[in-house]
Amino acid sequence: MRNYNIVPDLLSWNRLLHHFNSAGLVDQVIVLYSDMLSCGVTPNVVTRNIVVHSLCKVGKFEKALELLRDNESDTVTYNTLMWGFCKIGLVETGFGLLSDMLKKGILIDTITCNVLIKGFCDEGLLYNAELVMEMLSDKHRGVYKDVIGFNTLIHGYCKAVEMSGGLAMRERMKREGLSPDIVTYNTLINGFGIMGNFDAAKCIMDELSASYNGENKGLVVGDSGLEPNTITYTTLISKYVKWFQFEKAFSAYEEMTRRGFFHDIVTYNSLINGLCKCGRLHEAKLLLDEMRRVGVDPNHVTYSTFIHHLYKNMAEKVAANFQGQIVIRGVSFDVVLFTSLIDGLFKVGKDREAKDMFQTLLKSNITPNHITYTALVDGHCKSGDLKSVELLLQQMEQKGVLPNVVTFSSVINGYAKSGMIDAAMEIMRKMVSINVSPNVFTYNTLIDGCFKAGKHNMALALYEEMQSNGVEENEFLLDTFVNNLKKLGKMDEAEAFFMDMVSKGLSPDRVNYTSLMDGLFKRGNESMALQLVDEMKEKKICFDTIACNVLLNGLLGIGQYEVQSVYTEIRKFGLVSDIQTFNSLINAYCKEGKLENAVKLWGEMKSYGIIPNSVTCNILVKGLCEVGDIEKAMDLLTEVVTIGFHPSPDIHKIVLDAASGHRRADIILRMHERLVGMGLKLDQTVHNTLIVVLCRLGMTRKAMSVLKNMRERGFSADTTTYNAFIRGYCKSYQFQKVSATYSEMLAEGVFPNVATYNTMLGSLSAVGLMNEAAELLNEMKGRGFVPNANTYDILVSGHGKIGNKKESIKLYCEMITKGFVPRTSTYNVLILDFAKVGKMRQAQELMHEMQARGVIPNSSTYDILIVGWCKLAKRVELERSLKLSCRSEVRKLLEEMKDKGFTPRENTLCYINPAFSKSGENDTEWWLSRWRKTKQS
């Protein structure tokens with residue numbers, strides 16, 4: 001028509017606009033409307049209502065408002081715009097349009113009232129919703145309270161889990177002369193089901209049945225009663241499934257069958273979804289077969305459910321089989337099915353296939369929705385492709401698909417996990433700017449990211465912001481705080497946060513209790529951890545295998561309990577031991593040196609049908625290697641090879657570290673070859689481990705031949721490789737080779753790290769070449785590397801050993817300022833510096849400072865101080881009172897040494913005798929005699 005310059009009439013334009021809008025093709029609505037105007041066709045109010053509706057769908061409210069205010073509008077126009085604002089949570093803005101309607105004399109109808117009621121209910125503002133009903137209802141103006149309005153309010157109360165309010169609203173509905181319909185009852189059943197209060201849900205169901213059978217005439221108005229329908233039963237079944245009450249779900253299913261109700265696709269999908277969620281995929285497949293037998297064809301939701309859970313369980317081949325069935329049975333691929341496939345492919349690491357599937361969706365003329373984009377965003381975030389995420393957000397904006405809180409939370413999660421906290425914060429600011437409110441999961445993701453990035457204060461600030469915005473905490477947030485504070489060693493703060501959440505009415509779940517218990521055990525607070533166990537029992541919080549394993553590890557970690565007795569007590573919880581349980585027990589036996597028991601347990605676990613995993617092998621092989629029984633470890637590895645395991649790089653490292661104790665290259669290389677023969681994959685890590693072990697023993701020539709072999713296999717030397725050779729050459733002070741290796745490393749484009757420089761600095765410091773060390777430090781800083789605690793330890797010790805006390809103290813102060821804590825050996829060097837020049841008060845003060853920082857003095861620390869005080873006491877010019885004070889300090893230090901189980905060196909004892917004068921008695925012998933007697937007692 002247009003090609004022939006025939007202009008369609010207004011009715012034709014409106015029909016076409018309506019069809020495009022109904023099909024969700026809102027972009028075409030705007031194009032068509034523009035074309036209509038360019039043809040000179042004057043739109044009417046119906047036209048504008050369709051356009052306003054399409055603009056509201058894509059969130060273009062400014063244009064919708066402009067259209068409303070600049071043209072003739074009616075009740076439908078305002079109702080549509082109110083619906084749009086309410087849909088995105090701007091119910092107050094929608095409510096504000098009422099005044100405009102009143103000014104223009106536009107009628108308010110029952111739909112206006114119900115749209116606003118729903119808007120306020122969706123935001124949880126139930127009091128406001130009731131107020132709107134009372135304020136707008138006016139029989140004289142034709143605005144009536146209807147069943148839809150009451151049902152919306154009842155749904156609002158059920159959603160807010162305020163069931164008493166929902167029941168009260170039903171009674172009020174009856175008082176207003178309205179009959180509750182099946183939707184009313186189904187809503188109440190759904191509400192009680194959400195809470196898990198199935199006794200109350202059953203009561204509502206009984207009322208419904210009684211009203212139908214005429215047993216309770218007061219419940220309904222009218223001649224005919226109400227009857228439970230398919231939706232009633234399906235609602236109840238879905239809630240039973242949600243709470244994993246499958247017996248009750250199938251009982252309701254059978255009752256439904258007895259009463260002659262047809263099991264529709266929704267009923268079956270509810271049961272299948274529940275079975276899949278708890279991993280009962282086999283039973284779900286049997287139900288699928290039953291569906292087909294009774295003539296209910298699986299739809300895209302059925303297949304989407306299976307595909308989603310199969311991919312989640314990494315059953316990739318079975319998922320592909322289901323995809324084939326979809327094609328064979330002619331089930332149309334819709335946006336939900338495509339989204340499940342895209343999400344699933346990302347989950348199994350098939351990013352390329354997931355992206356191709358999205359392109360197939362677009363080629364099929366299916367419009368992706370915000371869930372599809374969320375799956376894409378989440379997949380790209382998890383694979384670290386954040387540039388593509390930005391492009392996807394732009395694409396969503398261009399297509400008018402509004403990102404929701406889940407989409408934004410996925411993006412924030414991606415940035416947070418990559419440590420890009422500033423970018424994550426910017427995304428949150430953007431979501432707020434388009435009126436998408438962050439929820440507890442958004443904040444939780446960002447708070448967790450801040451903790452992991454070391455931004456403790458920012459995490460706390462976000463938590464305060466969350467509270468001020470009225471977002472309530474949940475058990476996931478509690479777990480984030482407990483876990484992160486636990487990792488930071490701030491168990492006092494973790495406990496305080498836990499108790500604060502409990503005081504606010506949050507009920508910690510099993511995971512929360514388990515996390516806190518784990519932290520308390522690791523801190524050594526056994527009594528508090530066991531109190532939590534009692535608390536869980538009191539609250540009837542069931543222990544799962546993970547909680548039992550934490551308890552097992554905690555009690556065994558204390559070292560005060562016998563392994564078998566702890567295991568016997570844990571078994572009383574009635575849970576089946578898993579691989580982690582056995583790994584913990586085997587590890588405990590290995591730590592106690594009871595390798596026979598550990599090996600015996602290895603045999604027992606197989607009798608339970610539990611296959612040892614790589615962790616089991618690592619523990620037992622390490623235990624055997626530590627006691628020098630490498631051959632037995634190799635025999636064990638030979639056994640696991642027969643059940644399909646192959647030695648891992650971790651096993652390779654454990655065995656080679658043990659073999660290096662012989663300090664013979666032939667033994668090390670033989671063990672390496674045996675492991676390769678067992679199926680060890682020769683990769684970069686394995687080659688590097690062999691090179692590191694050989695270089696550590698100074699066998700750099702042998703390591704060089706390994707490097708040659710490694711390169712022949714197509715692997716290039718990396719930072720670990722070069723660091724190993726630099727360490728090997730430093731060990732024998734071959735500085736020319738160190739320099740050559742470092743230069744080669746840079747020439748090959750391999751980046752050094754702080755460990756590279758620390759190794760070279762340590763070697764230079766050991767031989768007193770501190771000027772060269774200073775030059776290397778400057779080069780290190782010039783390349784953007786920040787000295788760490790080890791760097792400072794090396795430099796402080798190096799300057800101290802050559803007597804450069806001024807520089808060593810300067811570096812020590814710099815180290816402390818940066819938050820690093822020196823090692824005991826570093827403190828010993830500094831203390832020795834002061835002791836050499838007789839500044840014993842300063843030396844003693846340093847010892848007190850090191851203890852205050854949590855650094856434990858060793859035997860050498862005491863030797864240095866005792867000798868220093870003894871030397872000071874020998875000075876002729878020293879007054880008698882000061883000499884006595886020096887001897888008093890020596891006695892105190894000797895007593896401390898005795899209490900700690902340290903023994904003074906012979907050299908130290910030689911200094912003690914001249915420093916003491918005890919009636920001609922040889923004080924050294926006297927003190928040694930005392931020492932021996934004390935130790936014997």
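The values are calculated or read from the model by the stated rules, or taken from the named source; none is laboratory data. This is a predicted model, so every value here is computed, not measured. Using ideal geometry, Cβ is built from the backbone for each residue, glycine included, and neighbour counts are taken over all protein chains shown. Surface areas here come from the heavy atoms of the whole protein model, side chains and all, with no ligands, DNA or RNA. Shrake-Rupley method; radii C 1.70, N 1.55, O 1.52, S 1.80 Å.
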(message) With N set to the number of residues, divide the alpha-carbon radius of gyration of region 1-67 by 2.2 N^0.38 Å and report two decimals.
(response) 1.07
(request) Between Asn5 and Val147, with labels modelled 7 Å along Cα→Cβ, what's the label distance in nm to one decimal, could you check? (result) 5.7
(request) Note the angle between two axes, namely the Cα long axis of helix 26-38 and the longest principal axis of the Cα atoms of the chain, as a number of degrees from 0 to 90, rounded to the nearest 10. (result) 50
(request) Could you run the Debye sum over the Cα atoms of region 661-789, one equal point scatterer each and no solvent, and tell me log10 of I(q)/I(0) at q = 0.16, 0.18, 0.21, 0.22 Å⁻¹, two decimals? (result) -0.81, -0.98, -1.22, -1.31
(request) Heads up, I need the accessible area for Lys63: 1.4 angstrom probe, whole protein in place, Å², nearest 10. (result) 120
(message) Once R0 is set to 41 Å, what does the formula 1/(1 + (r/R0)^6) return for the Cβ-Cβ distance between Leu286 and Ser527, expressed as a FRET efficiency to the nearest 0.05?
(response) 0.25
(message) Taking the full set of protein chains and a 1.4 angstrom probe, give the accessible area of Asp122 in square angstrom, rounded to the nearest 10.
(response) 60
(message) Considering only C-alpha atoms, what is the centroid distance from region 608-639 to region 85-118, in Å?
(response) 72
(message) Between helix 805-817 and the chain, what is the angle of the helix's C-alpha long axis to the longest principal axis, kept within 0 to 90° and rounded to the nearest 10?
(response) 20
(request) Could you work out, for region 124-177, what percent of all Cα-Cα pairs fall into each 10 Å distance bin, beginning at 0 Å and stopping at the bin that holds the largest distance? (result) 25, 57, 16, 2
(request) May I ask you to derive the FRET efficiency for Ala160 and Ser716 from their Cβ-Cβ distance with R0 = 45 Å, giving the value to the nearest 0.05? (result) 0.15
(message) Can you give me the angle between helix 510-523 and the longest principal axis of the chain, using Cα atoms only, in degrees from 0 to 90, rounded to the nearest 10?
(response) 10
(message) As a test of reading the structure, rank Ser388, Ser614 by solvent-accessible area (1.4 Å probe, protein chains only), most first.
(response) Ser614, Ser388
(request) Pull up all non-local amide H partners of Val143: gap of 5 or more, or a different chain, and H-to-H distance under 5 Å with H placed in the peptide plane. (result) Asp138
(message) How large is the accessible surface of Lys490 in square angstrom, using a 1.4 angstrom probe and rounding to the nearest 10?
(response) 70
(request) Before rounding to the nearest 500, sum -39500 (n - 2.57) across all DSSP H runs of length at least 4 in the chain and divide by the residue total; then give [θ] at 222 nm in deg cm²/dmol. (result) -23000 deg cm²/dmol
(request) Please report, in cubic angstrom per residue, the volume enclosed by the convex hull of the alpha-carbon atoms of region 744-863. (result) 109
(request) At q = 0.13, 0.18 Å⁻¹, work out log10 I(q)/I(0) for region 469-621 with the Debye formula, treating every Cα as an identical point scatterer and leaving solvent out; two decimals please. (result) -0.64, -1.08
(request) Excluding Gly124 itself, calculate the net charge of residues whose Cβ lies under 14 Å from the Cβ of Gly124, where each Lys or Arg counts +1 and each Asp or Glu counts -1. (result) -4
(request) Quick one: net charge around Gly193, please, counting Lys, Arg +1 and Asp, Glu -1 for every other residue with C-beta under 14 Å from its C-beta. (result) +4
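Rounded to the nearest 0.05, what FRET efficiency do Asn613 and Arg701 have when you use their Cβ-Cβ distance and R0 = 22 Å? Display every interim value, and only then the final one.
Numbers: r = 38 Å, r/R0 = 1.73.
The value I calculate is 0.05.
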(request) Restricting things to alpha carbons, tell me how big region 311-363 is in terms of Rg and Dmax, in Å. (result) 10.7, 29
(request) Could you rank Glu397, Glu807 by how accessible they are, 1.4 Å probe, largest area first? (result) Glu397, Glu807
(request) For Tyr4, Tyr513, write out the residues from largest to smallest accessible area, computed with a 1.4 angstrom probe and no ligands counted. (result) Tyr4, Tyr513
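In this model, which of Lys430/Lys490; Lys632/Lys708; Lys487/Lys898; Lys63/Lys430; Lys490/Lys622; Lys285/Lys540 are farther than 25 Å apart at the alpha-carbon?
Table pairs above 25 Å Cα-Cα are Lys430/Lys490; Lys632/Lys708; Lys487/Lys898; Lys490/Lys622; Lys285/Lys540.
Express the relative contact order of the chain as a whole percentage, based on alpha carbon pairs under 8 Å and six or more residues apart in sequence.
3
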(request) Convert 37 °C to kelvin, take the viscosity as 0.692 mPa s, use the Kirkwood radius over C-alpha pairs of region 296-424 as Rh, and evaluate the Stokes-Einstein diffusion coefficient in µm²/s, rounded to a whole number. (result) 218
(message) Need the list of aspartates and glutamates near Lys805 for cross-linking: C-alpha distance under 15 angstrom, and skip anything on the same chain fewer than eight residues off.
(response) Asp793, Glu814, Asp833
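List the pairs from Lys355/Lys653; Lys486/Lys818; Lys594/Lys653; Lys653/Lys731; Lys350/Lys702 whose alpha-carbon separation is above 32 Å, in the order I gave them. Each step should come with its number before you reach the end.
Numbers: Lys355/Lys653 39 Å; Lys486/Lys818 23 Å; Lys594/Lys653 23 Å; Lys653/Lys731 21 Å; Lys350/Lys702 41 Å.
From the list (Lys355/Lys653; Lys486/Lys818; Lys594/Lys653; Lys653/Lys731; Lys350/Lys702), the Cα-Cα distance tops 32 Å for Lys355/Lys653; Lys350/Lys702.
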(request) Send over a whole-number figure in Å² for the accessible area per residue of the chain, probe 1.4 Å. (result) 50
(request) Consider the candidate values (1) 2, 8, 12, 16, 16, 12, 9, 7, 7, 6, 4, 2, 1, 0, 0; (2) 2, 9, 14, 21, 23, 18, 9, 3, 0, 0; (3) 2, 8, 11, 18, 20, 14, 9, 8, 6, 3, 1, 0, 0, 0; state which one is P(r) over Cα pairs in 10 Å bins from 0, in percent computed from the structure displayed. (result) (3)
(request) Please report, to two decimal places, log10 I(q)/I(0) for region 373-418 at q = 0.16, 0.18, 0.27, 0.28 Å⁻¹ as given by the Debye formula with identical point scatterers on the Cα atoms and no solvent. (result) -0.34, -0.42, -0.93, -0.99
(request) On a C-alpha basis, how far is the centre of region 486-549 from the centre of region 783-829 in Å? Whole number, if you could? (result) 40
(request) Specify the inter-centroid distance of region 707-763 and region 140-195, based on alpha-carbon positions, in whole Å. (result) 75
